[in-house]
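Heads up, the thing below is written out as structure tokens.
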């Protein structure tokens, strides 16, 4: 437990809530492959998700079991709260193996050892890194087992944050603010996109005077010019030109907890149309945040945004926000609650969302986002940053 | 094709070689989910792999088909060489859907439209981001189709690099050299690990005087102190102390092509034992590189390393290197050739490898790596960086 970020009571609560949901699903064991869920239950934090690994929760065991590559077992010892017998690792000939060995063969052996090989097993069918092969291979190895889709089971436990988690997200928000300043300061005519990205990255990792930053689960996104309509392209060698709108979406990260923030700037004098679009989006975001309170549904929150932009003659298909917090590449989103029509999840205190609406018109877009926490008194944004169109 | 990095002839060759392998496997269509393979065949480059997407190659069509989220279709138009009818996108209600919609439902429709829904379909069973759910859902949607495991089919086409690819890897190597200098310069007693990581990241993205850097597929890894035995932990708030060994593994990246480089430094005067270990590793790496020539097998190359360290009484279980180049998080490795016993792949000109051996003794480790290209005259390292134990 040398680096454990949370105290034992927090992990106990997480495991207890996970087991309660396992009982609801009639599961004897849960096999967790999503690195964020692995971290959430065990504390394990390493860049090893490029090989197969898992955390296994069984009903009859207090501790989950970490299963990974031999050379990562020391990383598990250093970061997870688990005792030695709960750390099981496979030999290196299982890695990208030419010997017809697969890490799931080893995992099957661990499940036998835990005496759940003929039980009902929950697997995260749609989680990153739980591949089709992982599934079919595990089934081949465990003909007596019954498999159940437990995608998002742990993610739903994660939706409501503890005070310690919220404190980490607040720390991440301080980093987000500083990185946004660095990005806005760097962007001007003639500067290359990668130079602005470097300034942002330097700040994201350097953090604040008091603590450093972790790598974010999504790289800073900075679509500019006619690429503001392509939200997920990354920076290039292009130099900013007068007349470029630039959207910056970034997140500070602290012990894998995020607090994303997006703003839009313009190189030169913004056209009147963009300035008006900005006003509509800011009005919409303010209305969205004002609507938040415990007891309201996710779709009702989205409705507040929809109503404002409809008044201005705009319709938008995409969801405008989602629950988030702990995350590894490729995503900081939790894939649970979305702020969109049809999502009837009732908001509770200490849920956290990234609301990121935008409007694109004639290929010129404006985007602005906030990360907020649901409190008894409504939405509380984690960052404190002006809501407006910036200029460079 | 506004941003196409390669000319049309290169994409034609890639598609032709992919189709030849498809014919060998009797496939009517290949569904590619690995973002590196998607990029390789289509040119598509965006941080959108956190939602389901694919590139589909059919035998009877010159162009592959890009399938992704609606808001990423503009990104495909901007980066891929495909015509409009080869870009197919699904509506946002498929994303983390509460409506029992899955992107594979849409993909199944595209496959029907391409008239291969009753054909033999290759899927990348063990590729990142092709989840168990993607597979079962696709099967449910296409009861007439036959499925075949085509994991690594495109990866094996990628093993031999074109001159243009090698030029990009050379550019990445220039960035790796500069970032390694930045890291070595930053590390000293009292400096926080995150400060060194920030200096490295800033250089990785800022690139050289001539061009910028892309985000690497793996973050800079910097295990230090007693964590040098935990190769995949990332930086912390800890400050470097006298007596710390620090391993830096990083890679510059240019248009998604990498050239990784690892070196070890020591804060203070290194103990005699570490200095001797360093000498053995350098001798072993030199011998490994000397052994490389077209026609030798991957396991024979590893044998050269094994022989040197055995002379010094050391044995090591892990593979010592792997084929690499194009990549997205979480990995720059290609998962094809490994330098290890049992891998009988014959090396050919213009294959590229990252050789990264290390020795750990009494929890103090030394690691040193090179990225090299196989030429008619032997191994040619892409970076030019002293092979020794550094000191801070």
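For chain A, what is the calculated [θ] at 222 nm in deg cm²/dmol (nearest 500), taking -39500 (n - 2.57) for each run of four or more DSSP H residues and dividing by its residue count? Let's see the in-between values first.
Working: 10 runs with 131 residues, N = 392.
Per the formula, -10500 deg cm²/dmol.
Taking the Cα-to-Cβ direction at residue B:105 and at residue B:210 and moving 7 Å from each Cα, how far apart do the two end points lie in nm?
5.1 nm
Does anything in segment A:304-319 have its amide N under 13 Å from the 7 Å Cα→Cβ label point of residue A:276, and if so which residues?
The answer is A:312-314.
What is the helix-to-structure angle for A:132-141, meaning the angle in degrees between its Cα long axis and the longest Cα principal axis of chain A, kept from 0 to 90 and rounded to the nearest 10?
For A:132-141 against chain A, the angle is about 10 degrees.
For segment B:86-177, just the Cα atoms, rotate onto the principal axes and tell me the three extents in Å, largest first.
49, 30, 25
With r as the distance between the Cβ atoms of residue A:185 and residue A:144 and R0 = 60 Å, compute the FRET efficiency 1/(1 + (r/R0)^6) and round to 0.05. Mind showing how you got there, number by number?
On the way: r = 62 Å, r/R0 = 1.03.
After rounding, the FRET efficiency stands at 0.45.
With just the Cα atoms defining each centre, how far is segment B:113-141 from segment A:357-385? Give it in Å.
Comparing the Cα centres of segment B:113-141 and segment A:357-385, I get a distance of 37 Å.
When each copy gets a label point 7 Å from Cα toward the beta-carbon at residue A:209, what are the spacings between them in nm, shortest first?
Distances to the matching label points in the other copies: 3.7 nm.
Take the alpha carbon gyration tensor of segment B:8-158, find the square roots of its eigenvalues, order them as a ≥ b ≥ c, and report rounded if a/c is under 1.5; if not, report prolate when a/b exceeds b/c, else oblate.
Numbers: a/c = 1.55, a/b = 1.13, b/c = 1.38.
Cα axes put segment B:8-158 in the oblate bin.
Which distances in nm, rounded to one decimal and ordered from shortest, link the label point of residue B:346 to the equivalent label points in the other identical copies, with labels set 7 Å from Cα toward Cβ?
List, nearest first: 7.0 nm.
Given the options B:341, B:329, B:98, which has the most mean-square fluctuation in a GNM of chain B, springs set between C-alpha atoms less than 10 angstrom apart?
In this elastic network of chain B, the residue with the biggest mean-square fluctuation among B:341, B:329, B:98 is B:98.
Rounded, prolate or oblate, given the Cα gyration tensor of segment B:56-99, with a/c below 1.5 counting as rounded?
Working: a/c = 3.56, a/b = 1.72, b/c = 2.07.
It is oblate, given that a/c is not under 1.5 and a/b is not larger than b/c.
Using only alpha carbon pairs under 8 Å that are at least six residues apart, calculate the relative contact order of chain A and give it in whole percent.
Details: 856 pairs, mean separation 54.1, N = 392.
14 percent.
Taking a point 7 Å out from Cα toward Cβ as the label site, list the nm distances between residue A:279 and the same residue in every other copy, smallest first.
With the label placed 7 Å along Cα→Cβ, residue A:279 yields 7.6 nm.
Using only the Cα atoms of the protein assembly as shown, construct the convex hull and provide its projected area averaged over every direction, in square nanometres to one decimal. Don't skip to the end; give the middle numbers.
On the way: hull surface 121.3 nm².
Mean projected area of the Cα convex hull: 30.3 nm².
Given 20 °C and 1.002 mPa s, how large is the Stokes-Einstein diffusion coefficient of chain B in µm²/s, with Rh as the Kirkwood radius over Cα pairs?
Working: Rh = 22.3 Å.
Estimated diffusion coefficient is 96 µm²/s.
To the nearest 10 degrees, how steep is helix B:103-113 against the longest Cα principal axis of chain B, on a 0 to 90 scale?
Once rounded, one gets 50 degrees.
To one decimal place, what orientation-averaged projected area in nm² is obtained for the convex hull of the Cα set of segment B:234-378?
Details: hull surface 38.6 nm².
So the Cα hull casts an average projection of 9.7 nm².
Per-residue mean of other chain beta-carbon atoms within 10 angstrom of the beta-carbon, peptide A:119-132? Don't jump to the answer; show the numbers that get you there.
Values: counts 0, 0, 0, 0, 2, 3, 7, 10, 3, 6, 4, 3, 13, 18.
Shielding by partners across A:119-132 averages 5.
Relative to the longest principal Cα axis of chain B, at what angle does helix B:193-206 sit, 0 to 90 degrees, rounded to 10?
Orientation of helix B:193-206: about 50 degrees from the principal axis.
When you look at the Cβ of every residue in A:200-210, what mean number of other chain Cβ atoms sits within 10 Å? Please list the in-between numbers first.
On the way: counts 3, 11, 9, 3, 3, 13, 8, 5, 0, 0, 1.
For this peptide, the per-residue mean of nearby foreign Cβ atoms is 5.
Measuring from label point to label point, each 7 Å out along Cα→Cβ, what is the residue B:238 to residue B:361 span in nm?
In this crude label model, residue B:238 to residue B:361 measures out at 2.2 nm.
Would you look at the GNM of chain B, springs on alpha carbons closer than 10 Å, and say which of B:81, B:156, B:47 moves the most?
Comparing B:81, B:156, B:47 in the GNM, the peak value goes to B:47.
When the label point is put 7 Å from the Cα of residue A:24 along its Cα-to-beta-carbon vector, which residues of segment A:119-154 have a backbone N closer than 14 Å?
Under 14 Å, as judged by backbone N against the label point of residue A:24, lie A:150-154 of segment A:119-154.
None of the figures in this text is laboratory data; all of them are computed from the coordinates on show. Everything numeric here is computed off the predicted structure, so don't read it as measured data. Reconstructed Cβ throughout: ideal geometry from the backbone, glycine too, with neighbour counts over all protein chains shown.
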